[in-house]
Number of protein chains: 2
Amino acid sequence: MNMTAERDRAPKQDRSRATRQRLLEAAVACLAEHGWAGSTVSVVAERAGVSRGAAQHHFPTREDLFTAAVEYVAEERSTALRALFPGGAADRRAVVTALVGLYTGPLFRAALHLWVAASNEEQLGPRVTELEARVGRETHRIAVELLGADESRPGVRETVQGFLDMARGLGLANLLTDDTGRRERVVAQWGALLDAALG
Amino acid sequence: MNMTAERDRAPKQDRSRATRQRLLEAAVACLAEHGWAGSTVSVVAERAGVSRGAAQHHFPTREDLFTAAVEYVAEERSTALRALFPGGAADRRAVVTALVGLYTGPLFRAALHLWVAASNEEQLGPRVTELEARVGRETHRIAVELLGADESRPGVRETVQGFLDMARGLGLANLLTDDTGRRERVVAQWGALLDAALG
């Protein structure tokens with residue numbers, strides 16, 4: 001390959017990556033706003049300003065697009081969360097608030113629509129189950145790390161898991177109404193219980 | 001009204017009540033299995049062995065049928081739960097397990113489908129929001145009563161709320177896979193933490 005071809009290839013790869021990223025972000029926003037029934041490759045392509053053909057080049061099926069989108073945004077959020085607390089558990093209450101925040105935005109809403117659709121759609125079920133397990137493990141790993149939890153002590157693993165289950169439940173309670181006020185009081189109380197339990 | 005008419009009316013009312021009940025139970029089962037998209041008045045009528053006309057006499061719209069169904073089954077479960085612990089908080093761990101059980105069966109699955117559909121459907125949104133608030137208040141009331149929680153003490157209200165949020169999150173984690181083993185360990189650990197926090 002000569003140098004001109006090399007130079008041409010790099011911007012082309014950049015453009016392709018940027019298109020993919022736009023599609024993934026548009027897919028999560030679409031799923032959060034319109035649910036699974038209202039989310040198709042065409043709708044997302046239009047939202048992202050990408051042709052339907054280009055969208056299908058990146059994601060041959062609807063299932064490919066939406067599972068990839070939820071995974072991509074989950075990874076972005078994990079990276080952002082780690083960057084927010086570079087030294088680990090400096091302030092456990094702040095970590096608790098940030099972890100609960102993972103379950104109250106558009107990503108959780110999008111993931112919820114995908115999970116619920118997966119419980120009735122055969123072609124989606126196994127893929128979303130696998131995705132949920134992967135994202136769940138990663139979230140648990142981050143929580144343990146940022147909370148400075150010592151999982152070698154009996155009960156600590158389950159304490160962290162139950163806290164993340166509570167965060168998921170708080171996300172669900174925020175689906176139809178703005179539950180911010182109640183959530184802040186619950187998080188303050190459970191943050192203190194968690195802090196005491198983790199020692 | 002003469003005595004014959006009186007005698008005729010009572011069985012007719014009984015039959016009507018029995019039909020209504022069969023429709024409500026079929027509606028919850030249908031929603032849990034097929035989701036909102038697969039749940040119509042016709043499908044439920046067939047499942048309940050009732051004519052479509054009779055179903056529409058009881059429930060003029062799809063929204064009427066499914067919101068009534070979730071409310072009816074939630075009330076049945078509340079009554080059953082109270083009957084299970086007539087003396088209140090005899091065994092707090094058993095109460096914790098029973099409360100978490102509210103979120104892992106077909107009722108929770110049906111309610112979840114209804115909530116998620118309501119977040120995107122205008123004609124469903126306000127009705128489900130109102131229903132969720134009503135069922136949520138009643139569940140909180142039962143939890144406080146059966147756990148023997150003293151809400152006049154600071155933080156106790158939020159402790160109970162957070163526990164119910166955890167139960168809801170555990171229900172969500174059980175949607176795609178059988179999460180029983182993990183859930184039992186989490187409930188054992190948080191049951192102990194909750195018991196200590198409630199004093």
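Summary of values
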{"item": "Filter result for residue B:170 (open to solvent by less than 10 Å² (accessible area, probe 1.4 Å) and at the interface with chain A (Cβ under 8 Å from one of its Cβ atoms))", "result": "yes"}
{"item": "Residues that are among the charged types (D, E, K, R) and in contact with a Leu (Cβ under 7 Å, 6 or more places away or on another chain), drawn from region A:146-178", "result": "A:165, A:168"}
{"item": "Which listed residue, of B:194, B:146, B:176, is of a type in the set (A, V, I, L, M), at pLDDT 95 or above, surrounded by 17 or more Cβ atoms within 10 Å (Cβ to Cβ) and over 25 Å from residue B:64 (Cβ atoms)", "result": "B:194"}
{"item": "From A:125, A:199, residue being farther than 24 Å from residue B:36 by Cβ, among the small types (Gly, Ala, Ser) and at pLDDT below 95", "result": "A:199"}
{"item": "Failed condition for residue A:163, given (1) in contact (Cβ under 8 Å) with a residue 24 or more places away in the chain; (2) within 11 Å of chain B (Cβ to nearest Cβ); (3) within 15 Å of residue B:176 (Cα to Cα)", "result": "(3)"}
{"item": "Residues within region B:173-183 that are of a type in the set (D, E, K, R) and either in contact with a strand residue (DSSP E or B) (Cβ under 6 Å, 6 or more places away or on another chain) or more than 10 Å from chain A (Cβ to nearest Cβ) (or both), tallied", "result": "1"}
{"item": "Condition met for residue B:103 (among the aromatic types (Phe, Trp, Tyr) and outside any helix (DSSP H, G or I))", "result": "yes"}
{"item": "Residue count for region B:64-96, restricted to those that are under 30 Å from residue A:110 (Cα atoms), of a type in the set (Ser, Thr, Tyr) and more than 14 Å from chain A (Cβ to nearest Cβ)", "result": "1"}
{"item": "Selection status of residue B:72, aromatic (Phe, Trp, Tyr) and either at positive phi or crowded, with 19+ Cβ neighbours inside 10 Å (or both)", "result": "no"}
{"item": "Members of region B:122-143 that are open to solvent by 40 Å² or more (accessible area, probe 1.4 Å) and in contact (Cβ under 8 Å) with a residue 40 or more places away in the chain", "result": "B:123, B:127, B:134, B:135, B:138"}
{"item": "Region A:44-61, residues that are touching a helix residue (DSSP H, G or I) at 6+ places or on another chain (Cβ under 6 Å) and under 20 Å from residue A:134 (Cβ atoms)", "result": "A:59"}
{"item": "Residue check for residue B:186: touching a helix residue (DSSP H, G or I) at 6+ places or on another chain (Cβ under 9 Å), at the interface with chain A (Cβ under 7 Å from one of its Cβ atoms) and not small (Gly, Ala, Ser)", "result": "yes"}
{"item": "Residue list for region A:106-121, restricted to those being free of Cβ contacts under 8 Å to residues at least 12 places away in the same chain and either of a type in the set (A, V, I, L, M, F, W, C) or more than 14 Å from every other protein chain (Cβ to nearest Cβ) (or both)", "result": "A:118"}
{"item": "Positions within region B:33-42 being over 20 Å from the mean Cα position of the chain (by Cα) and surrounded by 17 or more Cβ atoms within 10 Å (Cβ to Cβ), in sequence order", "result": "none"}
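The values are calculated or read from the model by the stated rules, or taken from the named source; none is laboratory data. The structure presented is a predicted model; accordingly, all values stated were derived computationally and were not measured. No Cβ is skipped: glycine too gets one built from the backbone with ideal geometry, and neighbour counts run over all protein chains shown. Side chains are part of the model used for accessible areas, which takes the heavy atoms of the whole protein and leaves out ligands, DNA and RNA. Shrake-Rupley method; radii C 1.70, N 1.55, O 1.52, S 1.80 Å.
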